[in-house]
Amino acid sequence: MVVILKENVSQNQLDTFVGWLHDQDINAKITHGVHTTILGLVGDTASLDIDIIRSVSIVEEVMRVQEPYKKANRKFHPLDSAINVAGLTIGGGTFHVIAGPCSVESEGQITGIARRVRAAGATLLRGGAFKPRTSPYAFQGMRAQGLELLREARAATGMPIVTEIMSVAHLDLFEDVDLIQVGARNMQNFELLKELGHVQTPILLKRGLANTIEELLMSAEYIMAGGNENVILCERGVRTFETSTRNTLDVSAVPMLKKLSHLPVVIDPSHASGLSWMVEPLSLAAVAAGADGLIIEVHNDPEHALSDGPQSLTPDQFDTLMPRLRAMAEFMGKRLEAPLPLPEKDA
Ligand code: PEP
Ligand code: MN
């Protein structure tokens, strides 16, 4: 961090400021110019509050020369991270498709979809049990019962399950979930992120509706700083002035996140567009941009889905999409992992 001081700062003021920094284990390398004095701060500057320094009366300007995130930063971890999700490896050169309905609706629905998407090559099963809905009158998800149905679908197909947590109070219910999703609306629920730092379950962290890439990485940092380094980042479209799509997919987030961080990056083309017909081109673009995986909504009867029907593919459409994705992923040099084996009784 570099601090530029105002003109005519007295030696006494400078000593007080440098002493205050020292108390926080920060050393200041002082350079006196003709008109200005510049301090180069050395130490754990990530823990310094830049706004407090900016508010010090003798400070003219403060600039960070290093990102405020450490554990998520590629500078300190040059190789891609590979996250183990129930025996599958996400990141580090592999490619995975997470597929399933927006919401778990019944045993037949979730297990039926699971069988179909697995047969097409999806490796993980998604399904919302606790749903963040804009309206309190809309379907809120099957909650604990939905989690139970996901477990049944996992037992039937061997697919690891991915589902969204909305409250710290539900953490016990998520104990055996294979990949816990933090939704866009909770990306900056810092108390939730801190608690997720204390478990070892991998976390799928979705970018907030109007959050910057740095904010996404700072949220990943919250989880990692707590001790859980198993974080997968997800770009799912951001709010822009455009109204013809539900959100706007920020494809540039993929190469940027890959440059700044070693964490795997997954794209959600379903929430990004809100349109089932756009899922294929956005998915192909995401793979071409270097994504490590996709999370795609698939429903057996989109017209009657209890949430997000218009953006859901049918299992038949998913069957058509998968070979194209596979070809693009192979072209990008990714290693495609096969679904985990079917449990014994169904094998
Ligand atoms: C979802 O995955 O169904 C969901 C609600 O996603 P997001 O948090 O990205 O809106
Ligand atoms: Mn959804």
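The values are calculated or read from the model by the stated rules, or taken from the named source; none is laboratory data. Given the structure is predicted, the values throughout are model-derived calculations rather than measurements. Using ideal geometry, Cβ is built from the backbone for each residue, glycine included, and neighbour counts are taken over all protein chains shown. All accessible areas refer to the heavy atoms of the entire protein, side chains included, with ligands and DNA or RNA removed. Shrake-Rupley method; radii C 1.70, N 1.55, O 1.52, S 1.80 Å.
Figures for the structure shown
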| read-out | value |
| --- | --- |
| In the stretch 291-308, residue nearest to ligand 2 (Cβ to nearest atom) [restricted to those that are open to solvent by less than 10 Å² (accessible area, probe 1.4 Å), closer than 15 Å to SER276 by Cβ and not hydroxyl-bearing (Ser, Thr, Tyr)] | GLU297 |
| Filtered residue count, the stretch 7-20, keeping only those that are modelled with pLDDT of 95 or more and either in contact with a strand residue (DSSP E or B) (Cβ under 9 Å, 6 or more places away or on another chain) or among the hydroxyl-bearing types (Ser, Thr, Tyr) (or both) | 5 |
| Only one of LEU196, LEU284, LEU217 that is touching a Phe, Trp or Tyr at 6+ places or on another chain (Cβ under 7 Å) and either of a type in the set (Lys, Arg) or away from ligand 2 (no atom under 16 Å from the Cβ) (or both) | LEU217 |
| Residue in the stretch 134-157 that is in the same structural domain as VAL265 (by TED's automatic domain parsing), within 12 Å of ligand 2 (Cβ to nearest atom), assigned to a strand (DSSP E or B) and under 20 Å from LEU313 (Cα atoms) present | no |
| Qualifying position, being of a type outside the set (D, E, K, R), in a helix (DSSP H, G or I) and under 17 Å from VAL162 (Cβ atoms), among GLN109, GLN13 | GLN109 |
| Residue that is nearest to ARG116 (Cα to Cα) [pool: residues in the stretch 332-347 that are touching a residue at least 12 places away in the same chain (Cβ under 8 Å) and not aliphatic (A, V, I, L, M)] | PRO339 |
| Near pairs, Cβ below 9 angstrom, 6+ apart or cross-chain, from the stretch 202-223 (closer than 14 Å to LEU263 by Cα) to any residue that is at pLDDT below 95 and small (Gly, Ala, Ser) | GLU221/ALA46 |
| Residue check for ILE98: within 16 Å of ligand 2 (Cβ to nearest atom) and in a strand (DSSP E or B) | yes |
| Count of the stretch 89-102 residues which are touching a Lys or Arg at 6+ places or on another chain (Cβ under 6 Å) and either more than 19 Å from GLY290 (Cα to Cα) or open to solvent by 10 Å² or more (accessible area, probe 1.4 Å) (or both) | 2 |
| Among residues of the stretch 247-269, those that are of a type in the set (Gly, Ala, Ser) and crowded, with 17+ Cβ neighbours inside 10 Å, counted | 2 |
| Residues of the stretch 270-288 satisfying the condition of being surrounded by fewer than 19 Cβ atoms within 10 Å (Cβ to Cβ) and either within 20 Å of GLY93 (Cα to Cα) or among the basic types (Lys, Arg) (or both) | LEU284, ALA285, ALA288 |
| Residues satisfying the stated conditions in the stretch 50-85, i.e. open to solvent by less than 40 Å² (accessible area, probe 1.4 Å), more than 30 Å from GLU152 (Cα to Cα) and in a strand (DSSP E or B) | VAL59, VAL62, ASN73 |
| Hits in the stretch 220-246 - residues which are surrounded by 21 or more Cβ atoms within 10 Å (Cβ to Cβ) and within 13 Å of ligand 1 (Cβ to nearest atom) | LEU233, CYS234, GLU235, ARG236, GLY237 |
| Enumeration of residues in the stretch 136-184 that are crowded, with 21+ Cβ neighbours inside 10 Å and of a type in the set (S, T, N, Q) | THR157, THR163, GLN181 |
| Filtered residue count, the stretch 309-347, keeping only those that are in a loop (DSSP other than H, G, I, E, B) and open to solvent by 10 Å² or more (accessible area, probe 1.4 Å) | 12 |
| Residues located in the stretch 209-237, provided they are part of a loop (DSSP other than H, G, I, E, B) and either of a type in the set (D, E, K, R) or in contact with a strand residue (DSSP E or B) (Cβ under 8 Å, 6 or more places away or on another chain) (or both) | LEU209, ALA210, ASN211, ASN228, GLU229, ASN230, ARG236, GLY237 |
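Rundown of residues vs (1) open to solvent by less than 40 Å² (accessible area, probe 1.4 Å); (2) away from ligand 1 (no atom under 16 Å from the Cβ); (3) within 26 Å of ARG326 (Cα to Cα); (4) touching a helix residue (DSSP H, G or I) at 6+ places or on another chain (Cβ under 7 Å), yes/no style:
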residue: GLY87; (1), (2), (3), (4): no, yes, yes, no
residue: VAL104; (1), (2), (3), (4): yes, no, no, yes
residue: VAL117; (1), (2), (3), (4): yes, no, yes, yes
residue: GLY121; (1), (2), (3), (4): yes, yes, yes, yes
residue: LEU125; (1), (2), (3), (4): yes, no, yes, yes
residue: PHE130; (1), (2), (3), (4): yes, no, no, yes
